[in-house]
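Here's the structure, in structure tokens; my notes come after.
The values are calculated or read from the model by the stated rules, or taken from the named source; none is laboratory data. None of these values were measured; they are calculated from a predicted model. Every residue, glycine as well, gets a Cβ built from its backbone with ideal geometry; the counts of neighbours run over all protein chains shown.
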Ligand code: 13P
């Protein structure tokens, strides 16, 4: 790509300092996925108003959807908007689930301050080799890298797996030492998407495998751990969607208390995508059903944006504990 840009020129930061503080401080940095203007505006407003550091992240699919050049300017705009609001919250632009060296390199070159290389589906040694290659390229440019061990079930854009495989704690020290990653995503029972658990009548959500998390923490003291698939699948939104023509019966996610417990431990980054999608869909469905003559996108997307601000503020304050930590 001809127009290489470094993240520091966009006003972004990498994850080093914010993770160091989060691990020591018993809270997690929120990583919110976005694809469009309204989502990004809501993330900035909510994080500025709660004074929370934030990771804005895009998947490969989101990057294709939004256009890579547009994305870079959106991220720069997010920093400018926060500054105009009188805030200096740290903002990280992160690639979620990078699936190749080339994609990670392209993101580093176009201004991302952090990338994930997800080699978790590969044989162990291949995961190490691919991750190390990305780390070598990214670290030479001060860009942070997230790796993954263990496979999450569910669907996240193009990444999908039918069954999960828990992270094996015996592998984590070796993986981190050999790759040099800055953070590690693990699998302890969360999954991507809005249907995380198939519950039968009367069953409740099974607890996350905190025993695995504790063992990983014992083996890698003070090392930043990342939790993917961490939406709670807010039932109020599922009900609104179903009430206004949708079909999302049985959608269920990770209870907030469990996420709070994870955030207080070595988990210092929590990924949330589905809850944002649900909030937008619920409010758009409700608005259009109640206002059938309306055709101005600012009206229904504005409703969705307001709801996203409420949701993100709640997450920062009551779930992740990142409010006031910027
Ligand atoms: P959710 O589907 O639970 O929001 O998870 C998102 C995620 O992990 C993005 O990588």
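Would you point out the residue of the stretch 113-126, among those that are within 15 Å of the ligand (Cβ to nearest atom) and in contact (Cβ under 8 Å) with a residue 40 or more places away in the chain, that is farthest from residue 16 (Cα to Cα)?
Per the stated criteria, the residue is 121.
Matching residues to (1) at pLDDT below 95; (2) closer than 22 Å to residue 114 by Cβ:
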{"position": "186", "(1), (2)": "no, yes"}
{"position": "202", "(1), (2)": "yes, no"}
{"position": "205", "(1), (2)": "yes, no"}
{"position": "209", "(1), (2)": "no, no"}
{"position": "217", "(1), (2)": "no, yes"}
{"position": "233", "(1), (2)": "no, no"}
{"position": "236", "(1), (2)": "no, no"}
{"position": "241", "(1), (2)": "no, no"}
{"position": "247", "(1), (2)": "no, no"}
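Could you tell me which of the residues 208, 199, 259 is under 30 Å from residue 176 (Cβ atoms) and in contact with a strand residue (DSSP E or B) (Cβ under 8 Å, 6 or more places away or on another chain)?
Numbers: 208 fails: in contact with a strand residue (DSSP E or B) (Cβ under 8 Å, 6 or more places away or on another chain); 199 fails: under 30 Å from residue 176 (Cβ atoms).
Being under 30 Å from residue 176 (Cβ atoms) and in contact with a strand residue (DSSP E or B) (Cβ under 8 Å, 6 or more places away or on another chain) holds for just one of 208, 199, 259, which is 259.
May I ask you to verify whether residue 209 is touching a helix residue (DSSP H, G or I) at 6+ places or on another chain (Cβ under 6 Å), within 22 Å of residue 261 (Cα to Cα) and either in contact (Cβ under 8 Å) with a residue 60 or more places away in the chain or surrounded by fewer than 20 Cβ atoms within 10 Å (Cβ to Cβ) (or both)? So that I can check it myself, show each step before the final result.
On the way: touching a helix residue (DSSP H, G or I) at 6+ places or on another chain (Cβ under 6 Å): no; within 22 Å of residue 261 (Cα to Cα): yes; either in contact (Cβ under 8 Å) with a residue 60 or more places away in the chain or surrounded by fewer than 20 Cβ atoms within 10 Å (Cβ to Cβ) (or both): yes.
No; evaluated as a whole, the condition is false for this residue.
Going through 77, 25, 61 one at a time, which residue ends up being surrounded by fewer than 23 Cβ atoms within 10 Å (Cβ to Cβ), within 19 Å of the chain's Cα centre (by Cα) and at pLDDT 95 or above?
Details: 77 fails: within 19 Å of the chain's Cα centre (by Cα); 25 fails: within 19 Å of the chain's Cα centre (by Cα).
Answer to the check: 61.
What's the number of the only condition in (1) more than 16 Å from the ligand (Cβ to nearest atom); (2) surrounded by fewer than 18 Cβ atoms within 10 Å (Cβ to Cβ); (3) outside any helix (DSSP H, G or I) that residue 218 fails to meet?
Looking at each condition in turn, residue 218 falls short on (3).
Any residue at all in the stretch 150-172 that's assigned to a helix (DSSP H, G or I) and in contact with a helix residue (DSSP H, G or I) (Cβ under 6 Å, 6 or more places away or on another chain)? Please lay out each step first, then the result.
Applying the first criterion (assigned to a helix (DSSP H, G or I)) to the stretch 150-172 yields 169-172.
Next, from what is left, pick out any that are in contact with a helix residue (DSSP H, G or I) (Cβ under 6 Å, 6 or more places away or on another chain): 169, 172.
Taking every residue of the stretch 150-172 in turn, at least one turns out to be assigned to a helix (DSSP H, G or I) and in contact with a helix residue (DSSP H, G or I) (Cβ under 6 Å, 6 or more places away or on another chain).
Just to be sure I understand, how many residues within the stretch 107-148 are more than 20 Å from the chain's Cα centre (by Cα), over 14 Å from residue 15 (Cβ atoms) and part of a helix (DSSP H, G or I)?
Summing the residues that are more than 20 Å from the chain's Cα centre (by Cα), over 14 Å from residue 15 (Cβ atoms) and part of a helix (DSSP H, G or I) in the stretch 107-148 gives 12.
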